[in-house]
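The following block contains the structure, expressed as structure tokens.
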Amino acid sequence: MSEDELHTPEKSDQYSDADRIREVKLSFGSLWDQYGTSAVTVLNLTVFFIFWEIFARSGVVNQVFFPTASGMLQTLFEGLTSRAPPDAIISGQIIDHLLYTLRTLTIGVLLACAIGIPGGLLMGGNRYIERILSPYVWGLASLPRIALVPLFILFMGFTVKMQVTIVTLAALFPIMINAWAGVKTTEKSLIAAAKVFGANRRQIYSNVVLPYTLPFIIAGVQQGIGRGMVGVIIAEIFGGSNGLGFLIVRSADTFNSELMYAVLLLLVIISLSFIKITRMIEVYIAPWRQQVIM
Amino acid sequence: MRLAVSDAADQITGGRAVPEEKKPVIVAKNLTVGYKLHRERKLLTALRDITITINKGEFVCLLGPSGCGKSTFINAISGIVLPWEGSMEVDGKPVTGPGPDRAMVFQDYALMPWRTVESNIRMPFEFQNLGLSKAEIDERIAHYLDLVDLTGFEKSYPYELSGGMRQRVGIARALVTEPKILLADEPFAAIDAMTRESMQSELEQFVSKTKQTVVFITHSIDEAIILGDRIAVISRRPGRIKEVIDIDLPRLRFDSDVKSLPEYSEMRERIWDLVKDEARSGAHGEE
């Protein structure tokens, strides 16, 4: 009864909305809460590049091995915004090689998803398939993928097909194993609840196991992209005349350290972007998962 | 939980203890059941030789130490596990699997974390066809959401709710199909003490009104005495029924402050004597 009285209109007049929701005044504190971490990161990186610049200009290390930050950034900027002149030592600009690498990576990772996700789900869902496949999966997963590169070059030569195969193989196992683990670790009480409320096998799979496994699959794809990235660079370093991996080798061969460092920085940026994007997808698709982990 | 309990509920006091006609709903005869241990090649007997009859409208509490097979017993009623030996009948028919006449409330809520409150409560209708129209289902859901006082939280996800609120969702999900038998597996064990007491009281009021048949697992003696018409004390694994005790304290027990009655403490003492040996031998057991 007393609770009802609290909600009568006469009483609530005393507390207007203005009292309950307060406008936060624009202050240093509030600005800091919103943009503080980004500001620190920008400042941090600026200081880092300034120290780099000073160190490089001081001449402690030969600039052939360690270029100035400004030179590297300029090379990166030009390489991403312009086309190479026809008489350049290295054919193609950074942007061309970047697109080539991204294409190989995308095709490879998509293939890995197409094989790995259904494969992992089947292994999790069927005991016999699991028994049969698991030695091969674990065996190949534990084998360093670089060791297979010469074999694939032997089979397919220095082709895009070879590079895509390496990316696929590198990305496949994290995706497959995560999907498999997701199915296996589905909470028993959720399955029991679905059963009690009348779900059949198919409904349990589509209504409990799959949604539960989805965040695992996303985490697997995230790892897969990282591994695929390693795979594509290795494939291009070993054999190829295109791509960022090739560009690294080529810039080293021509003592073009600015270009090499620019490519390395670009690789860092690409990797971090992929991680960020997959995190965002994860939060969007499975917001509940964040809470479970926390 | 603002339960729509009419004033009539107050007059029921004590009326439920002896139902006029005893119609058996759940009949277990020499029931032996267990499960397979995955790692070792062993079958573990959880319950041995259980014989009990639970009548319509009765609130039976199963009390026993952890790991004594209480959960297995209600799983056997629900049809998730099937008898090894003996029989389990609900409404005169042997249990062959889950059915809409039985619903369960779980200790860890077992809500689908990717479904909203509303969608979780709708789940039983998606899996089983109860012959209700879309409008009737919506009405049911709204009614039970209101009953557990979660109106306004339809679009919330379980992770956004407190433990008590999550279990209200679990209770609404179990009640929404209006099952004949409500099974509850330590539903309030993971909920804080204050919320637990109010939820116990609300459950008592609800059941007094609807005359629902309830099988309720607990390891709290007080909870068993407050809620149960009968308490079955189960011994440790493999579980057997040690004793069945009638609780003829007046209803509604929360409102009538039954804990201050001398009968209450006598009852408590008696049950504790039964349980304590089990708890003790359980502690020294091979678990």
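Each row is one residue, and each column tells you yes or no for (1) more than 13 Å from chain A (Cβ to nearest Cβ); (2) open to solvent by less than 50 Å² (accessible area, probe 1.4 Å).
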residue: B:Gly69; (1), (2): yes, yes
residue: B:Thr72; (1), (2): no, yes
residue: B:Ser87; (1), (2): yes, yes
residue: B:Met112; (1), (2): no, yes
residue: B:Asn120; (1), (2): no, yes
residue: B:Leu130; (1), (2): no, no
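Return a yes/no flag: does region A:160-179 have any residue that is open to solvent by less than 30 Å² (accessible area, probe 1.4 Å), under 30 Å from B:Gln107 (Cα atoms), away from every other protein chain (no Cβ under 14 Å) and hydrophobic (A, V, I, L, M, F, W, C).
Yes, some residue in region A:160-179 is open to solvent by less than 30 Å² (accessible area, probe 1.4 Å), under 30 Å from B:Gln107 (Cα atoms), away from every other protein chain (no Cβ under 14 Å) and hydrophobic (A, V, I, L, M, F, W, C).
Which residue is most open to solvent (accessible area, probe 1.4 Å), if the candidates are limited to region B:164-173 and must be hydrophobic (A, V, I, L, M, F, W, C) and either under 27 Å from B:Asp91 (Cβ atoms) or free of Cβ contacts under 8 Å to residues at least 40 places away in the same chain (or both)?
Top of the filtered list is B:Met165.
Only one residue in A:Ile270, A:Ile237 is of a type in the set (Val, Ile, Thr), at pLDDT 85 or above and open to solvent by less than 40 Å² (accessible area, probe 1.4 Å). Which one?
Of the residues listed, the single one that is of a type in the set (Val, Ile, Thr), at pLDDT 85 or above and open to solvent by less than 40 Å² (accessible area, probe 1.4 Å) is A:Ile270.
Moving on to the next point. Please find, within region B:168-218, the residue that is modelled with the highest pLDDT out of those that are of a type in the set (S, T, N, Q) and out of contact with any helix residue (DSSP H, G or I) (no Cβ under 7 Å at 6 or more places or on another chain).
B:Thr213
How many residues does region A:143-165 contain that are polar (S, T, N, Q) and under 21 Å from the mean Cα position of the chain (by Cα)?
2
I'm told A:Asn200 meets every condition in (1) open to solvent by 20 Å² or more (accessible area, probe 1.4 Å); (2) more than 13 Å from chain B (Cβ to nearest Cβ) except one. Can you identify the failing condition by its number?
(2)
Just to be sure before I move on: is B:Glu160 of a type in the set (D, E, K, R) and away from chain A (no Cβ under 14 Å) in the structure I sent?
For B:Glu160, the condition - of a type in the set (D, E, K, R) and away from chain A (no Cβ under 14 Å) - is not met.
If you don't mind, another one. Kindly indicate whether any position in region B:108-127 is under 30 Å from B:Arg237 (Cα atoms) and of a type outside the set (A, V, I, L, M).
Yes, that holds for at least one residue.
I'm trying to understand the selection: among the residues of region B:75-85, which are more than 8 Å from every other protein chain (Cβ to nearest Cβ) and closer than 13 Å to B:Lys180 by Cβ?
Result: B:Ile77, single match.
To continue, here is another question. Can you list residue pairs whose Cβ atoms sit under 7 Å apart, with the first residue in region A:39-50 being open to solvent by less than 70 Å² (accessible area, probe 1.4 Å) and the second being assigned to a helix (DSSP H, G or I)? Count only pairs 6 or more apart in sequence or on different chains.
From residues that are open to solvent by less than 70 Å² (accessible area, probe 1.4 Å), the pairs are A:Phe49/A:Ala69.
Filter region B:205-228 down to the residues that are of a type in the set (D, E, K, R) and within 21 Å of B:Lys22 (Cβ to Cβ) and list them by number.
Answer for region B:205-228, where residues must be of a type in the set (D, E, K, R) and within 21 Å of B:Lys22 (Cβ to Cβ): B:Lys209, B:Lys211.
Tell me, yes or no, whether region B:138-156 has at least one residue that is touching a helix residue (DSSP H, G or I) at 6+ places or on another chain (Cβ under 8 Å), assigned to a helix (DSSP H, G or I), within 11 Å of chain A (Cβ to nearest Cβ) and buried (at least 19 other Cβ atoms within 10 Å of the Cβ).
No: region B:138-156 contains no residue that is touching a helix residue (DSSP H, G or I) at 6+ places or on another chain (Cβ under 8 Å), assigned to a helix (DSSP H, G or I), within 11 Å of chain A (Cβ to nearest Cβ) and buried (at least 19 other Cβ atoms within 10 Å of the Cβ).
May I pose another question? For region B:21-86, which strands (runs of 3 or more DSSP E) that fit wholly inside it have 2 or more residues that are over 17 Å from B:Val244 (Cβ atoms) and of a type in the set (A, V, I, L, M, F, W, C)?
Of the strands (runs of 3 or more DSSP E) lying wholly inside region B:21-86, those with at least 2 residues that are over 17 Å from B:Val244 (Cβ atoms) and of a type in the set (A, V, I, L, M, F, W, C) span B:24-37, B:42-55.
Which count do you get for residues in region B:96-110 that are assigned to a loop (DSSP other than H, G, I, E, B) and more than 9 Å from every other protein chain (Cβ to nearest Cβ)?
2
Here is a follow-up. Has region B:170-179 got at least one residue that is in contact with a strand residue (DSSP E or B) (Cβ under 7 Å, 6 or more places away or on another chain), more than 14 Å from chain A (Cβ to nearest Cβ) and of a type in the set (Gly, Ala, Ser)?
Among the residues of region B:170-179, not one is in contact with a strand residue (DSSP E or B) (Cβ under 7 Å, 6 or more places away or on another chain), more than 14 Å from chain A (Cβ to nearest Cβ) and of a type in the set (Gly, Ala, Ser), which makes the answer no.
Working only within region A:184-197, note down all residues that are outside any helix (DSSP H, G or I) and either more than 7 Å from every other protein chain (Cβ to nearest Cβ) or at positive phi (or both).
A:Thr185, A:Thr186, A:Glu187 - these are the residues of region A:184-197 that are outside any helix (DSSP H, G or I) and either more than 7 Å from every other protein chain (Cβ to nearest Cβ) or at positive phi (or both).
Moving to a separate point now. In the list A:Ala69, A:Ala56, which residue meets the criterion of being at pLDDT below 90, closer than 21 Å to A:Leu244 by Cβ and either over 26 Å from the mean Cα position of the chain (by Cα) or surrounded by 15 or more Cβ atoms within 10 Å (Cβ to Cβ) (or both)?
A:Ala69
Taking region B:157-173 as the region of interest, how many residues are assigned to a helix (DSSP H, G or I) and among the aromatic types (Phe, Trp, Tyr)?
The number of residues fulfilling the criteria is 1.
Looking at (1) open to solvent by 70 Å² or more (accessible area, probe 1.4 Å); (2) within 25 Å of the chain's Cα centre (by Cα); (3) closer than 30 Å to A:Ala219 by Cα, which is the only condition A:Arg131 fails?
For A:Arg131, the exception is condition (2).
The values are calculated or read from the model by the stated rules, or taken from the named source; none is laboratory data. Fair warning: this is a prediction, and the values are worked out from it, not measured in the lab. Positions of Cβ are generated from backbone atoms using ideal geometry, with glycine treated the same way; all protein chains shown enter the neighbour counts. We work out accessible area using only protein heavy atoms, side chains counted, and drop any ligands, DNA or RNA first. Shrake-Rupley method; radii C 1.70, N 1.55, O 1.52, S 1.80 Å.
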